[in-house]
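Report on one structure; see the data block that follows.
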Amino acid sequence: MNARRILSIATALALSASVTLPALGQAPRSLKMQSSWPASSNAQDHFRIFADRLDKVTGGQLKAETNVAGQIVPAFEVLDATARKVLDGYHSISYYWVNKARAAVLFAGPPGGPFGMDHTDYLGWMWEGGGHDLWIEFYQKELKLGLMPFPGHPSSPQAFGWFKRPIKDLADFKGMKCRQTGINAEVFQRMGMSTVNMPGGEIVPAAQRGVIDCAEWVGGVEDLRLGLHNVWKYHYTPGLHENNTIGELTFNLEVWNSLSPLHKEAVRSALRDAFVSWTAKYQKENADALKELQEKHGVRVLRTPPDILIAYLKAWEGLAQEEAGRSPFFKKVWDSQRAYASVVVPAKRFMYPPYSFAANYYWPDRKPAAAAAKKK
C-alpha cells in the first residue's frame, strides 16, 4: 500500500471520528424546563415524549427536564421565567400571553383554524408560509424577549365544554360563570358568558365550591384525567374556539444559541417526531375516554348547537378585525394567515373527501329518536 493510500485512509478515519463522536469528552447537558400543565395532563405526556426522544437521538448528551406546572414557577409564569433564564425553556401555549399582546393568539392555531385551516395547513403556514419567522419576530422584536419558539403539541380539536345543565342556544349559557382563558374568554364574554381565568388544576376544586358553573379544558382523555365528570355530567363537543390548537416549546434565546448545530437539529427532529407520535396516541386515547365517560361515568356527550358555533366565529371575527385595526403586527400576521389559507383550504376542500362521508357509511351516526325506535 503506497503512502498516498495510507494517508487517504488515515484522513477518512479522522473525519469519521469527528462526525460520529462529537460528544466525546463533553459532559451531558440537562435543560431546566417546565410546562404549564398538571402532571395528569395529556399535554404533559407530549412534553415527556419530546424529552425521551431528545435523550435518545443525542445519545444522552442533551436532556430536557419535564417539570410540571408549579414545580419551579406558577403555570402562567413560564414565559417570563424563561426570558429571565430562571428556566431554560417551557412547554405551554402562546394564547396564554395575550395580556402582553393580542397577536399571541395567532401563534396557537386561533379560532376557526384560522380561516378553516387544519393542523397540516397551519404547520404549512408555520414552516412554508413564513409563520415561524413571524413568531420569532413577535417574541424578539414586538415583545423584546430573548426567546426561540417552536410548534409543540396539537391538543385539538377541543370540546366546547362542560356544563351543570343542558344548553340549547346562546340564551342558555348567558350569565353562567365559566372557566375560559386568554382571548377566548373575551370572545365568550361578547356572547354573554361570564368568564374566570384559572389553571387546569384549579377547575375541579372551583366547581366543587360553586365558583364556576361550567368550564372548557380540552376534551376526551384530558378531561377524563382532570376529573371533570365528577362535577358535571353535560359535555358538549365540538368547539370552534380551539379546533386547531397547537402549543409551543420555547427556549431562552441565549440557551438556544449555546446549543451545537447538531443539538439544535436534534431538538427540531425530536419535536416533529413527538408531534406525530403523540397525535396518533392521543386520537385513540380520546376515543377510549369518550366511551368511558358515557358508559362508566354517566356523562351525556352532546353535539354543540350549530348556531352557537356560528355565533362564536362571528364574535371572534369581529374581535380579530378590531385588533387588526389597532395593531399593525396583528394585522400583518392575520393577513399572512388569510393569504395562505385562501390557497390551501379551498384546494383541500375540493381534493379531500369529508371525514364524515366514509365514516357515516361504515359507522352511521344514530339519532336519539332512531335509537329509541329501534329499542321498541
* Asked: Going by the structure shown, is Phe138 touching a Leu at 6+ places or on another chain (Cβ under 9 Å), within 25 Å of Gln44 (Cα to Cα) and either among the aromatic types (Phe, Trp, Tyr) or modelled with pLDDT of 95 or more (or both)?
  -> no
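Here is a list: Ala207, Ala185, Ala171. Which entry is under 24 Å from Gly113 (Cβ atoms) and among the aliphatic types (A, V, I, L, M)?
Numbers: Ala207 fails: under 24 Å from Gly113 (Cβ atoms); Ala171 fails: under 24 Å from Gly113 (Cβ atoms).
Residue meeting the stated conditions: Ala185.
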* Tell me which residues, restricted to the stretch 196-218, are within 19 Å of Pro110 (Cα to Cα) and at pLDDT below 90. => Asn197, Trp217, Val218
* To do: Filter the stretch 276-307 down to residues that are β-branched (Val, Ile, Thr), part of a loop (DSSP other than H, G, I, E, B) and free of Cβ contacts under 8 Å to residues at least 60 places away in the same chain, then give me how many there are.
  => 0
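Has the stretch 205-216 got any residue that is touching a residue at least 24 places away in the same chain (Cβ under 8 Å), polar (S, T, N, Q), surrounded by fewer than 17 Cβ atoms within 10 Å (Cβ to Cβ) and more than 22 Å from Lys174 (Cβ to Cβ)? Break it down stepwise before answering.
First, the residues of the stretch 205-216 that are touching a residue at least 24 places away in the same chain (Cβ under 8 Å): 206-207, 211-216.
This time we only want the ones that are polar (S, T, N, Q), so: none.
Scanning the stretch 205-216 turns up no residue that is touching a residue at least 24 places away in the same chain (Cβ under 8 Å), polar (S, T, N, Q), surrounded by fewer than 17 Cβ atoms within 10 Å (Cβ to Cβ) and more than 22 Å from Lys174 (Cβ to Cβ).
Tell me the helices (runs of 4 or more DSSP H) entirely within the stretch 101-196 that contain at least 3 residues that are closer than 25 Å to Phe50 by Cβ.
Numbers: elements: 119-128, 131-137, 170-173, 182-190.
Correct list: 119-128, 131-137.
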* Scope the stretch 53-69; condition crowded, with 17+ Cβ neighbours inside 10 Å and without any contact (Cβ under 8 Å) to a residue 40 or more places away in the chain; matching residues -> Asp55, Ala64, Thr66, Asn67, Val68
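Conditions tested, residue by residue: (1) in contact with a helix residue (DSSP H, G or I) (Cβ under 8 Å, 6 or more places away or on another chain); (2) hydrophobic (A, V, I, L, M, F, W, C); (3) exposed (fewer than 12 other Cβ atoms within 10 Å of the Cβ); (4) in a helix (DSSP H, G or I).
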{"residue": "Leu309", "(1), (2), (3), (4)": "no, yes, no, yes"}
{"residue": "Leu319", "(1), (2), (3), (4)": "yes, yes, no, yes"}
{"residue": "Glu322", "(1), (2), (3), (4)": "no, no, no, yes"}
{"residue": "Ser336", "(1), (2), (3), (4)": "yes, no, no, yes"}
{"residue": "Lys348", "(1), (2), (3), (4)": "yes, no, no, yes"}
{"residue": "Pro353", "(1), (2), (3), (4)": "no, no, yes, no"}
{"residue": "Ser356", "(1), (2), (3), (4)": "no, no, yes, yes"}
* Restricting the stretch 227-270 to residues that are in a helix (DSSP H, G or I) and among the β-branched types (Val, Ile, Thr), which is surrounded by the most Cβ atoms within 10 Å (Cβ to Cβ)? -> Val267
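The values are calculated or read from the model by the stated rules, or taken from the named source; none is laboratory data. Remember, it's a predicted structure, so these values are computed and weren't measured experimentally. Please note: Cβ atoms are built from the backbone with ideal geometry, for glycine as well, and neighbour counts cover all protein chains shown.
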